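S.K.: Next up is a structure, given as structure tokens.
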Amino acid sequence: MASHKLLKVLRQGVEVWNKWREEHPGIKPDLSEALLEGTDLRRANLSGANLVAANLVHAYLSEADLSGADLSAVDCHSTSFTRANLSRANLIGAVLTGGDLYGATLVEANLYRAIFIRTDLRNANLSRCNVYGTSVWDVQLEGAKQENLVITPLFKPVITVDNLEVAQFVYLLLNHKKLRDVFNAMTERGVLILGRFGGGGLEVLQAIAAKLREAKYLPIIFNFERPQDRNFTETVKTLAGLSRFVIADLSGLSVPHELYATVPHFKIPFVPIIEAGRKPYTMAVDILEYPWVVRPPVTFATTEELLEKLPTKVIASAEEKHQARQKLLDELFGKS
């Protein structure tokens, strides 16, 4: 538990606290479990401090020195660490949801099982941090230094990556069994949606995606920039390979090439759709020859009509073909 004497000094303000630290350089302050919610600790000298399980929700720690501090299991929800020095700090199990670490220094910090959700890490220095077990969701990393992030646990051969957001995926690549589980989870629920983006086409695709989410699927609309070292065709193939089935609007300008690159090579269900009054591309009929393609194409006059048909004409048809394919695989290879 935090020392009442130390808390009394701290609550007199940062200037009084920093002066006390100067006068007692050999003491590592015990502020464990301290209730410091909303406290202004800007520029405070908290180096080497014991802040285990402290409540720092909405606290202000901008430019504070937390080097070597122990912040295990600390609650830092919405805490401002702007330009704070957290070098070699222990942040095991810390919750940094919505935290502001803009420009903070976390060199060699232990981030084991730390939680970063909507955390601002722009221009932060994360070099040589231990990120094994770290949870990262929707963080801002523009300008952040992410060199040599350690993704392996203690007493194991050290493996490093240079990107916090992909650290967990790289770890999974090294653990084949867990990677298989990830792929299985994706192929069980992933649905690739191909079509036109102009003339209201994107709105139709987005409406399909929303309806699929309600049915617990994971819709993927390829309307983002291609990966740096892959062309568009390779990217579409990758996404198709991760999908349970594909929905394709035949009126899309790029769809003919996308289907030509995927249908012959992936024996997963493809469900073509077409808006009434529109003509599919000339060679679309060739695609319908493949037994894993649902035919005839699902026609719709309005988006509302398409969404009404989605459960029975699209999803049910795709699942029927998926089950037939799965039955064949089980016969050939046995159930896994």
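S.K.: What per residue convex hull volume, in Å³, do the alpha-carbon atoms of segment 1-174 yield? Spell out each step's value before the answer.
M.R.: Working: hull volume 16.2 nm³, N = 174.
Hull volume normalised by residue count: 93 Å³.
S.K.: How big is the dipole moment of segment 152-268 about its Cα centre under a simple scheme where the beta carbon of each Lys and Arg is +1, that of each Asp and Glu is -1, and everything else is neutral? Debye, nearest 20, please. Could you put the intermediate results ahead of the total?
M.R.: Working: 14 positive and 11 negative charges, 96 e Å.
Charge dipole of segment 152-268: 460 debye, to the nearest 20.
S.K.: Once you charge only the Cβ atoms, +1 for Lys and Arg and -1 for Asp and Glu, what is the size of the charge dipole of the chain about its Cα centre, to the nearest 20 debye? Let's see the in-between values first.
M.R.: On the way: 38 positive and 38 negative charges, 122 e Å.
Roughly 580 debye, rounded to the nearest 20.
S.K.: Okay, moving on. Out of all DSSP beta bridges with both ends in the chain, state the antiparallel percent to the nearest 5.
M.R.: Working: 2 of 41 bridges.
Given both bridge residues lie in the chain, the antiparallel proportion sits at roughly 5 percent.
S.K.: Work the Kirkwood hydrodynamic radius out for segment 1-53: mean of 1/r over every pair of different alpha-carbon atoms, inverted, in Å.
M.R.: Numbers: mean 1/r = 0.0901 Å⁻¹.
By the Kirkwood definition, the hydrodynamic radius is 11.1 Å.
S.K.: Follow-up. Restricting to segment 1-174, what percent of DSSP beta bridges are antiparallel, rounded to 5?
M.R.: The antiparallel fraction comes to roughly 10 percent.
S.K.: May I ask which residue of Ser72, Tyr281, Val314 lies farthest towards the positive end of the charge dipole of the chain, with charges of +1 (Lys, Arg) and -1 (Asp, Glu) on Cβ and the Cα centre as origin?
M.R.: So the residue furthest toward the plus end is Val314.
S.K.: Considering amide H positions built from the backbone, and no H for Pro or chain starts, which residues 5 or more places from Val298, or on another chain, come under 5 Å of its amide H?
M.R.: Those lying under 5 Å, H to H, from Val298 are Ile273, Ile274.
S.K.: When only Cα pairs under 8 Å and 6 or more residues apart are kept, what is the percent relative contact order across segment 181-333?
M.R.: Dividing the mean separation by the residue count of segment 181-333 yields 22 percent.
S.K.: At what distance in angstrom do the alpha carbon centres of segment 288-313 and segment 179-212 lie from each other?
M.R.: Each part's Cα centre sits 15 Å from the other's.
S.K.: Rg(Cα) of segment 85-239 divided by 2.2 N^0.38 Å? If you can, show how the numbers build up before the last one.
M.R.: Values: Rg = 18.4 Å, N = 155, 2.2 N^0.38 = 15.0 Å.
So segment 85-239 has a normalised radius of gyration of 1.23.
S.K.: What does the charge count near Thr79 come to, summing +1 for each Lys or Arg and -1 for each Asp or Glu among other residues with Cβ under 14 Å from its Cβ? Show your work: numbers first, answer last.
M.R.: Working: positive: Arg42, Arg83, Arg118; negative: Glu37, Asp40, Glu63, Asp75, Asp100, Asp120.
Spelling it out: positives minus negatives among the neighbours equals -3.
S.K.: Next question. What number, rounded to the nearest 500 deg cm²/dmol, is the helix-based mean residue ellipticity at 222 nm of the chain, given -39500 (n - 2.57) per DSSP H run of at least four residues and division by all its residues? Walk me through the intermediate numbers first.
M.R.: On the way: 10 runs with 100 residues, N = 336.
The per-residue figure over the chain is -8500 deg cm²/dmol.
S.K.: Whole-Hz Karplus ³J(HN,Hα) for segment 31-42, in order, using 6.51 cos²θ - 1.76 cosθ + 1.60 and θ = phi - 60°, x for Gly and Pro?
M.R.: 10, 4, 6, 5, 8, 10, 4, x, 6, 8, 10, 4
S.K.: How much space per residue, in cubic angstrom, does the convex hull of the C-alpha atoms of segment 38-103 take up?
M.R.: On the way: hull volume 3.8 nm³, N = 66.
Dividing the Cα hull volume of segment 38-103 by its residues yields 58 Å³.
S.K.: To the nearest 20 Debye, how big is the dipole of segment 1-174 about its Cα centre, given +1 on the beta carbon of each Lys and Arg and -1 on that of each Asp and Glu? The partial results should precede the final answer.
M.R.: Values: 16 positive and 19 negative charges, 61 e Å.
The dipole of segment 1-174 has a size of about 300 debye.
S.K.: Full-extension gain between Leu7 and Leu154, please, as 0.36 nm times their residue separation minus the C-alpha to C-alpha distance. Could the numbers behind the result be given before it?
M.R.: Values: separation 147, 0.36 × 147 = 52.92 nm, distance 3.38 nm.
My answer for the length gained is 49.5 nm.
S.K.: If the limit is 18 Å between Cα atoms, which of Lys267/Lys321; Lys216/Lys327; Lys267/Lys327; Lys211/Lys327; Lys211/Lys279; Lys267/Lys309 go over it?
M.R.: On the way: Lys267/Lys321 10 Å; Lys216/Lys327 23 Å; Lys267/Lys327 13 Å; Lys211/Lys327 27 Å; Lys211/Lys279 25 Å; Lys267/Lys309 24 Å.
Check vs 18 Å cut-off fails for Lys216/Lys327; Lys211/Lys327; Lys211/Lys279; Lys267/Lys309.
S.K.: Sticking with this structure for a sec: At Ile27 and Leu332, where each label point lies 7 Å from the Cα along Cα→Cβ, what is the point-to-point distance in nanometres?
M.R.: Between Ile27 and Leu332, the simple spin-label model gives 7.3 nm.
S.K.: Give a residue-ordered list of calculated ³J(HN,Hα) values for segment 133-142 (Karplus: 6.51 cos²θ - 1.76 cosθ + 1.60, θ = phi - 60°; whole Hz; x for Gly, Pro).
M.R.: Karplus values, whole Hz, x for Gly and Pro: x, 6, 9, 10, 9, 6, 9, 9, 10, 4.
S.K.: Follow-up question, since we're still on this one. Hey, could you pull the Cα Rg and Dmax for segment 181-333, both in Å?
M.R.: 14.7, 46
S.K.: Taking H placed 1.01 Å from N in the peptide plane, check which residues at least 5 places from Lys145 or on another chain put their amide H under 5 Å from its amide H.
M.R.: Result for Lys145 returns Ala124, Asn125, Leu126.
No lab work stands behind these numbers, since they all come straight from the coordinates. It should be emphasised that the depicted structure is a prediction, and the values quoted were computed from it without experimental measurement. Backbone-built Cβ (ideal geometry, glycine too); neighbour counts: all protein chains shown.
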